[in-house]
Amino acid sequence: MYGLKAKAKGKRVKDLRVLYWRRQRLIFWGLVVLALGLVFGGWLWWAARTVYVTKVVPIYQGDANKKAIALVFNVDWGEEHLPQILELLSQGKVRATFFLTGQWADKFPELVRKVAESGHEVGNHGYGHLHVNNLSREEIRRDIKRAEEVLMGLIGRKPALYTPPYGENKPHVIAAAVELGYKFILWTINPGDYLPGTKPEDIIKTVISHSQNGAIIQLHPTAATTQALPGIINGLKKRGYALVTVSEIL
């Protein structure tokens with residue numbers, strides 16, 4: 001009798017051990033599946049985000065269905081020409097887009113405020129006018145954010161647009177700007193007004209002859225550009241173009 005009881009008890013213990021290890025295996029494999037799910041899910045999120053960023057391309061032109069053109073001024077120098085440029089734009093009833101570097105804005109805060117108060121759009125041109133193609137993604141982000149903080153402190157809002165110095169646009173440069181919420185702007189027409197020896201009449205001819213719906217025209221605050229500006233404004237208006245900001249043309 002005792003032997004039968006001991007045998008039954010031993011069987012129950014064995015059964016309990018089997019159940020215990022089965023449950024442990026289930027818990028173990030459940031944790032493995034959960035971990036793999038988290039890893040795979042994270043990979044899918046990263047992959048989707050990477051694909052999205054790499055699909056983003058620079059904006060070279062606005063809406064081709066709009067009879068409108070945007071004048072853009074990239075500013076890291078040339079402050080001596082800004083007051084006259086702003087006056088000429090005011091006389092022509094033209095609103096433009098000014099991409100300002102943070103280092104320039106730090107030096108000339110009153111001009112930054114005047115640009116914004118005159119109704120023009122202010123864009124981010126980075127802080128230090130660096131060769132961003134040679135920087136890491138994180139270094140580019142820091143440069144853009146530093147300029148953003150300066151500009152926000154002066155105009156009270158975050159710029160919506162970014163244009164890179166020298167037009168450099170490797171994929172990681174685009175990714176850095178897009179991740180920070182910026183539209184990445186380049187240009188349709190570049191008359192080379194920053195090149196030594198460029199004449200006002202050459203700037204006017206290049207702009208007018210290449211004008212098209214949705215064009216983004218890149219300019220700089222130079223003496224030649226200042227002299228050419230009335231001819232650019234009048235020539236484009238005679239062709240029926242409205243002169244608007246970049247954001248208005250997209």
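Observations
- Pairs meeting the criteria (first residue in segment 215-240 and more than 24 Å from PRO164 (Cα to Cα), second residue of a type in the set (Asp, Glu) and part of a helix (DSSP H, G or I), beta carbons under 8 Å, at least 6 apart or on different chains) are ALA228/GLU201; GLY231/GLU201.
- Test: residue in segment 135-157 that is surrounded by 15 or more Cβ atoms within 10 Å (Cβ to Cβ), part of a helix (DSSP H, G or I), among the small types (Gly, Ala, Ser) and touching a Leu at 6+ places or on another chain (Cβ under 9 Å): yes
- Filter result for LYS158 (touching an Asp or Glu at 6+ places or on another chain (Cβ under 7 Å), among the basic types (Lys, Arg) and under 30 Å from PRO109 (Cβ atoms)): yes
- Which listed residue, of GLY192, GLY181, GLY167, is over 19 Å from ALA70 (Cβ atoms) and either within 19 Å of the chain's Cα centre (by Cα) or not polar (S, T, N, Q) (or both): GLY181
- The set of residues from segment 82-134 being among the charged types (D, E, K, R) and buried (at least 20 other Cβ atoms within 10 Å of the Cβ) comprises just one member, GLU121.
- Filtered by the rule that a residue be of a type outside the set (S, T, N, Q), more than 20 Å from LEU86 (Cα to Cα) and in contact with a strand residue (DSSP E or B) (Cβ under 7 Å, 6 or more places away or on another chain), segment 176-226 gives ALA177, VAL178, TYR182, LYS183, PHE184, ILE185, LEU186, TRP187, ILE189, HIS210, GLY214, ALA215.
- Of everything listed in (1) closer than 23 Å to GLU248 by Cα; (2) in contact with an Asp or Glu (Cβ under 7 Å, 6 or more places away or on another chain), the single unmet condition for VAL150 is (1).
- Tabulated pairs, segment 150-168, first more than 19 Å from VAL132 (Cα to Cα), second modelled with pLDDT of 95 or more and assigned to a loop (DSSP other than H, G, I, E, B), C-beta under 6 angstrom, 6+ apart or interchain: LEU151/PRO159; MET152/LYS158
- Number of the condition not met by ALA177 [criteria: (1) farther than 16 Å from VAL57 by Cα; (2) in a helix (DSSP H, G or I)]: (1)
- Residue check, ALA147 in contact with a helix residue (DSSP H, G or I) (Cβ under 9 Å, 6 or more places away or on another chain), over 29 Å from GLY92 (Cα atoms) and either assigned by TED's automatic domain parsing to the domain that holds ILE217 or not aliphatic (A, V, I, L, M) (or both): yes
- Number of positions in segment 120-164 that are out of contact with any strand residue (DSSP E or B) (no Cβ under 8 Å at 6 or more places or on another chain) and among the acidic types (Asp, Glu): 4
- In this structure, VAL122 does not qualify as in contact (Cβ under 8 Å) with a residue 40 or more places away in the chain, on the phi < 0 side of the Ramachandran plot, of a type in the set (A, V, I, L, M, F, W, C) and in contact with a helix residue (DSSP H, G or I) (Cβ under 7 Å, 6 or more places away or on another chain).
The values are calculated or read from the model by the stated rules, or taken from the named source; none is laboratory data. Predicted model only: the values in this text are computed from it and were never measured. FYI the Cβ positions are ideal-geometry reconstructions off the backbone, even for glycines, and counts take in every protein chain you see.
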